[in-house]
Amino acid sequence: MVFAHDTEEALIAAAALANTAIEPDSLTTVRELDTFYEECGWKGRHARTAAELRDVRSLRPTLRSLWLAEVEEQVAGINSLLREADALPQVVRHDGFDWHLHATTHDQPLATRMAVEASMAMVDVIRMGETQRLKTCEADGCECIFVDLSRNRSRRYCSTACSNRMAAAAYRERRSESDGEEDGQ
């Protein structure tokens, strides 16, 4: 494990949230927000309203820009998000996980909790000098962001689908080149 469990979960959720904005937008309805909430394992207050959806959607460009920024810009953005949320770090233990930090309570608005959890996770990334783990998919035509949790920081693609697509394209290219060489003999 590269980071603590809560840091990994928050980074994965932040990337997933930011990636919902990539066309086609996959977070346009309250029902889609419900699904996202459940898939990412969020707990606590979830109003299931258009206003909540709007607030969560408005967080996406901020998270994406933090992901892609240089460290100094990340720190400024993180500090801003934490100030806006009146974040108050607290040591907690729950759901079978040992002691870790939370900076909001479960009754805060969902978008606030998402912003704070992502910010706290990015603090860990910066403190550990691991910002190179915040990546953009290298697959042609993919703009997704992801956190590279591999041991040697070698992950290049956001998903198995992108990895397989690029491997198939490389295979076709090699086959094309070898077929061309055989034709030239």
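Computed from the coordinates by the stated procedures, all read-outs in this text should not be read as laboratory data. Since this is a predicted model, take the numbers as computed values, not measurements. No Cβ is skipped: glycine too gets one built from the backbone with ideal geometry, and neighbour counts run over all protein chains shown.
Basic side chains Lys and Arg get +1 at the Cβ, acidic Asp and Glu get -1 at the Cβ, and with that the dipole of the chain about its Cα centre reaches some 440 debye.
At an R0 of 41 angstrom, the distance between the Cβ atoms of VAL30 and GLU173 translates into a FRET efficiency of 0.40. With K and R counted +1 and D and E -1, the other residues having a Cβ less than 11 Å from that of TRP99 yield a net charge of -1. Working from the Cα coordinates of region 84-185, the gyration tensor eigenvalues give, after taking √(5λ), semi-axes of 44, 14, 12 Å in decreasing order. Farthest towards the positive end of the charge dipole of region 58-185, among the residues ALA170, VAL71, VAL92, is the Cα of VAL92, using unit charges on the Cβ of Lys, Arg, Asp and Glu. Of LYS135, LYS43, the sequence from fewest to most neighbouring Cβ atoms within 10 angstrom is LYS43, LYS135. Rg/Rh, computed from the Cα trace of region 5-157 with Rh as the Kirkwood radius, has the value 0.94. Here region 118-185 is treated with +1 on each Lys and Arg Cβ and -1 on each Asp and Glu Cβ, and its dipole about the Cα centre works out to around 580 debye.
The helix-based estimate of mean residue ellipticity at 222 nm for the chain, built from -39,500 (n - 2.57) per DSSP H run of four or more residues and divided by its residue count, is -18000 deg cm²/dmol to the nearest 500.
Other residues lying with their Cβ under 13 Å from the Cβ of THR112 contribute a combined charge of -3, Lys and Arg counting +1, Asp and Glu -1. Reported to the nearest whole Å, the Cα centre-to-centre distance from region 26-75 to region 113-185 is 22. Lacking any other cysteine beta-carbon closer than 4.7 Å, the following Cys residues of the chain have no compatible partner: CYS40, CYS162.
By the count of neighbouring beta-carbon atoms within 10 Å, fewest first, GLU73, GLU130 end up ordered GLU73, GLU130.
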